[in-house]
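The values are calculated or read from the model by the stated rules, or taken from the named source; none is laboratory data. Bear in mind the structure is a predicted one, so any value in this text is a computation, not a measurement. In this analysis, Cβ positions are derived from the backbone assuming ideal geometry, glycine residues included, and neighbour counts consider all displayed protein chains. Heads up: the accessible areas ignore ligands, DNA and RNA and are worked out on the full protein's heavy atoms, side chains in. Shrake-Rupley method; radii C 1.70, N 1.55, O 1.52, S 1.80 Å.
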Amino acid sequence: IVSSDGVIFDSETGLEWLVGPDKDSNYAQASQWVASCKTAGGGWRMPTVNELYALYQKGIGERNMDPVFKTSGKDVWAEPLDSWSARYFDFGYGGNSSCSRDAKMDMRGFAVRTRR
């Protein structure tokens, strides 16, 4: 279910999602966007890889996720790993990994929260 302000509700997990700017973003840019997001009352945070995995649907849409998640990137930032790296979920192959927080190519930021 997608609301008029762009909030996507996943009835299976009870989570609400926002898709960040559709441009290559390093971890700092993605996490800063999430922290400053006030859409629908705020309270957004970075997702975990497990939460992102719940969005993975092999063979659905161009990026193995419901097309309501409008993004051209295939990798979505998740939680930090240490002071220089962070985890991400790769919707191209359905797995997670980690890389430098400075990486940008195909990386996107999503925001998540428990439904209010």
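Data for the structure
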quantity: Net length gained if the chain between K23 and S98 were fully extended (0.36 nm per residue, minus Cα distance); calculated: 25.1 nm
quantity: With all protein chains modelled, accessible area of W44 [1.4 Å, Å²]; calculated: 20
quantity: Spatially proximal lysines relative to K38 (Cα-Cα < 27 Å; intrachain offsets below 8 disregarded); calculated: K23, K70, K74, K104
quantity: Amide H contacts of A103 (H built 1.01 Å from N, under 5 Å, at least 5 apart or other chain); calculated: Y27
quantity: Label-point separation in nm, F9 to W84, each point 7 Å along Cα→Cβ; calculated: 4.5
quantity: Helix-only CD estimate at 222 nm, as mean residue ellipticity for the chain, using -39500 (n - 2.57) per DSSP H run (n ≥ 4); calculated: -3500 deg cm²/dmol
quantity: Relative contact order, percent, the chain [alpha-carbon distance under 8 Å, six or more residues apart]; calculated: 36
quantity: Value in Å of the Kirkwood radius, where the chain supplies the Cα pairs that are averaged; calculated: 14.0
quantity: Length added when fully stretched, M105-A40, from 0.36 nm per residue minus Cα-Cα; calculated: 20.5 nm
quantity: Total formal charge among the other residues, if their Cβ is under 13 angstrom from that of G95, Lys/Arg +1 and Asp/Glu -1; calculated: +1
quantity: Inter-label distance, nm, simple model (7 Å from Cα along the C-beta direction), V2/R116; calculated: 2.1
quantity: Amide H contacts of S97 (H built 1.01 Å from N, under 5 Å, at least 5 apart or other chain); calculated: Y88, D90
quantity: Candidates per trypsin sites (Lys or Arg not before Pro) in the stretch 1-45, loop by DSSP, up to 10 other Cβ within 10 Å; calculated: K38
quantity: Simple Cβ-charge dipole of the chain, Lys/Arg +1 and Asp/Glu -1, about Cα centre, in debye nearest 20; calculated: 220
quantity: Burial order of peptide ranges 49-58, 71-80 (average beta-carbon count within 10 Å, highest first); calculated: 71-80, 49-58
